[in-house]
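All of the numbers you see were taken from the coordinates with simple rules; none came from a lab. All values reported here derive from a predicted model rather than from experimental measurement. Note: ideal-geometry Cβ built from the backbone for every residue, glycine included; neighbour counts use all protein chains shown.
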Amino acid sequence: MQRLSEEMQTLLNLGVTRLAAVEEGKMSNTADQVIRCKAAVAWEAGKPLVIEEVEVAPPQKMEVRVKILYTSLCHTDVYFWEAKGQNPVFPRILGHEAGGIVESVGEGVTDLAPGDHVLPVFTGECKECAHCKSEESNMCDLLRINPDRGVMIHDQKSRFSINGKPIFHFVGTSTFSEYTVVHVGCLAKIDPLAPLDKVCVLSCGISTGFGATVNVAKPTKGSTVAVFGLGAVGLAAAEGAKVSGASRVIGVDLNSNRYEQAKKFGVTEFVNPKDYNKPVIAEMTNGGVDRSVECTGSTEAVISAFECVHDVSKKFGVTEFVNPKDYNKPVQEVIAEMTNGGVDRSVECTGSTEAMISAFECVHDVCFVGIYLLIGVWDSIGVLKEGWGVAVLVGVPHKDAVFRTHPVNFLNERTLKGTMFGNYKPRSDIPSVVEKYMNKKLELEKFITHQVPFSEINKAFDYLLKEESIRCIIKMEE
């Protein structure tokens, strides 16, 4: 009887949710009409967003119009709003991390209906291309992220306008609007009982960092992981390391104030590169970590993440190593000391090239039992031990950034990987990530530090720029 009661309550909740969605979205009478609503428009780079009344056209072929209930601010929004490292596209409606309800669907849409709860995602899944059909990739040929494209792919036109003037889209989502139009392949249908003010953060940053660790770095139980950059993505990467059973999670960040906060996400040790005039991770780990995850976007961070993976070859006869960049003992060496040679995995989450280099160079590499010489050409005598260090790059770098490291770092069997959205396929995988939260296997509340009404959206930018927030939820209805 108790089980039956629970099922009846679930059905009742579902019915109430659907009825509320129909009423709130006015789905019965707006499906084929232009909707006028409020949107936060970025008119110029770096200038405060302006709440405007915009017209949102009906969805066209394979498109869906969504009523956004909650959205959050990601550093990627700030990055393209500042337009310092990417092409400026203005005026546009930013926003890509959100939760909402389907208001209407366009021609050809069969797997979504008005009232469905969805998370818009900046990268899509058409389910037809080679990448979508492959288990090895989530990089859809049709719907791969393109921040320079400010229009819908169906007809190369915008669905937003103000007095007839087109307003550009952002990465196919534009969630800083009460209504938005999204390609059906960029929408994950989720459990209607999942609280949208919590799970909205899964449509970008948290999934990106968590997936970078569990899906790409894949640390084993008892391994050592270095995470470069302790913003929301990096903290999610640390959470993934904790869930995977890592025994040591070394956080690397230029802001020492983040350490106490990072402990909640599984970070056991902290390194601020400004405190050292040498690489530190290899020293911390007795040769390097097993996995590193780079979440900054900096090429220097990529190299550090790579070179801090296990490097114990010096114990077996290495006489000299030549690195083309002189960092005056960068952070990767300190991490190697901390970990007896390097970490097992590293994750770089900042977008900084310096962090990328460190993340790459702090993971474990191969070792030779014998003599190992590097003088442009190398020779060895003895037994080759397999390298296992893996560095994962997550952070978005400047469009002109260049990553440089010595080729021997690859010959030594370090592995460097990149990932987009944590290797999750939006439509196929994100519903199960939401279920992890619903089943209490993934915490989201600790990522959410602030909430503001839509009318005060610029406060969310202030919180993030001052490094006061992890995630700030923006409530669309006041």
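Summary of values
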item	result
Burial ranking of peptide ranges 184-192, 129-137 (average Cβ count within 10 Å, highest at the top)	184-192, 129-137
Spin-label pair residue 146/residue 32, simplified geometry with 7 Å Cα→Cβ offset, distance in nm	3.1 nm
Distance (nanometres) between label positions extended 7 Å along Cα→Cβ at residue 468 and residue 136	4.8 nm
Gyration tensor verdict on the range 397-478 (Cα atoms; rounded if a/c is under 1.5, prolate if a/b is larger than b/c, oblate otherwise)	oblate
Size of electric dipole in the range 179-276: Cβ of Lys, Arg +1 and of Asp, Glu -1, about Cα centre, debye, nearest 20	200 debye
Scattering curve values for the range 2-202, log₁₀ I(q)/I(0), Debye with Cα scatterers, q = 0.13, 0.16 Å⁻¹	-0.69, -1.02
Packing-based exposure ordering (other Cβ within 10 Å, fewest first) of 270, 228	270, 228
Over 26 Å between alpha carbons, listed pairs 189/459; 263/440; 198/425; 127/475; 133/221; 47/466	189/459; 127/475; 133/221
Normalised convex hull volume, the range 83-209, alpha-carbon set, Å³ per residue	136 Å³
Residue 86/residue 156 FRET efficiency (R0 30 Å; Cβ-Cβ; nearest 0.05)	0.90
Sequence of 356, 284, 152, 420 once ranked by neighbouring C-beta atoms within 10 Å, starting from the fewest	420, 152, 284, 356
Ranking of 208, 268 by count of other Cβ atoms within 10 Å, fewest first	268, 208
